[in-house]
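Here is the structure we will look at.
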Amino acid sequence: MAQSKRNPSAMHEQREQRLMLMLLAPALAVVIVLLVLPLLWLGWQSIRQDGGFTLDHYQRFLTDSVYWMTFLQTFRIAAVVTLMTVLLGYPVAYVAAGLPQRWSVLVLAMVLLPFWTSVLVRAYAWLILLQRNGIINSALTGSGLIDAPLRLVNNEFGTVMATIHILLPFMVLPLYATMKKIPTELTMAGASLGGSPMHVFWRVFLPLSLPGMIAGMVLVFVLTLGFYITPELLGGGRTYMVSMLVSRNIEVYNEWGAASSISVVLLVCVFLVFRLASLIIPFERIMGTR
């Protein structure tokens, strides 16, 4: 009798599981075809040469200084961009979260304005602004503040400035979403207990906004690691990033194995970044699911 009562529920659960698998099948197929298979192909190409197995492509990271110097420069630029987006984006998100709804929408619209144009257009816009005869140098020399034009482009400075502008929304939006969830009663309680506004901010508001900050930092850092158009246009050949190293190996040397090994190492570095972030704050809080 008990067995007959359990069977209908078990059959119903199995039907639900089959239905969920059917619903997930298209999404899983897309992920496998567009993500998993290309990654497997990259891994295979990185250990293959002349039809045989080889680790020569990975040994270049130990013997060729161009490889690890490029990675160091890429990670340094990513760190600088991430730090600057935190310093610029946190006040914007803080103000937007504290404004009335209609004004916060206006602030966020201004932050999202760069998304309405392509990365290529924005990179060329910064090139026009920062070049020797650009708007900034013309204004500075015309006002008498400088005697000769500054070198603002074709170097790391121009690359960093344009990258900050492009990736700033990826810092502001997670911060804003996290700040809007912080109850105002907590800050009011801190103030009622005698805490100064600065003390309440450091002890109450800032710790509660850390998940959004870390989520934005991870997004900005990882996206900067794969930037190509911006350093290519604004770096002037003096700012060499990992994406450009991959491109050169394919376009100039036709070395798919070397390019694949660089991609695999960069992918491992990205996974390590996510792992380190999850050690500081649980990944569920970073993604906003808890």
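Of all the helices (runs of 4 or more DSSP H) wholly in region 103-219, which have at least 2 residues that are over 29 Å from Ile280 (Cα atoms)? By residue number, 119-130, 135-142, 156-180.
Taken together, the residues in region 231-278 that are aromatic (Phe, Trp, Tyr) and part of a helix (DSSP H, G or I) amount to 3.
Listed by first and then second residue, the pairs with beta-carbon distance under 9 Å, at least 6 apart or on different chains, first residue in region 158-175 and open to solvent by 10 Å² or more (accessible area, probe 1.4 Å), second hydroxyl-bearing (Ser, Thr, Tyr) and modelled with pLDDT of 95 or more, are Ile164/Thr85; Leu168/Thr85; Phe170/Thr85. Scanning region 220-230 for residues that are in a helix (DSSP H, G or I) and either open to solvent by 20 Å² or more (accessible area, probe 1.4 Å) or charged (D, E, K, R) (or both) yields Phe221, Val222, Leu223, Ile229.
Quick one: in region 57-68, of everything that is free of Cβ contacts under 8 Å to residues at least 24 places away in the same chain and not in a loop (DSSP other than H, G, I, E, B), which residue is least open to solvent (accessible area, probe 1.4 Å)? Applying the filter and picking the extreme gives Ser65. The condition (being at pLDDT 90 or above, over 19 Å from Met179 (Cα atoms) and surrounded by 14 or more Cβ atoms within 10 Å (Cβ to Cβ)) is satisfied by just one residue among Val80, Val92: Val80. Across region 176-193, the qualifying residues are those that are surrounded by 13 or more Cβ atoms within 10 Å (Cβ to Cβ) and among the β-branched types (Val, Ile, Thr), and the one among them that is modelled with the lowest pLDDT is Thr187. Within region 134-154, can one find any residue that is under 30 Å from Thr74 (Cβ atoms), touching a Pro at 6+ places or on another chain (Cβ under 8 Å) and open to solvent by 30 Å² or more (accessible area, probe 1.4 Å)? Taking every residue of region 134-154 in turn, none turns out to be under 30 Å from Thr74 (Cβ atoms), touching a Pro at 6+ places or on another chain (Cβ under 8 Å) and open to solvent by 30 Å² or more (accessible area, probe 1.4 Å).
The values are calculated or read from the model by the stated rules, or taken from the named source; none is laboratory data. Only a predicted model underlies this, so the values are computations on that prediction, with no experimental measurement involved. All Cβ positions, even for glycine, are placed from backbone atoms using ideal geometry, and neighbour counts span all protein chains on display. For the accessible areas, the whole protein counts, side chains as well, though only heavy atoms, and no ligand, DNA or RNA atoms are used. Shrake-Rupley method; radii C 1.70, N 1.55, O 1.52, S 1.80 Å.
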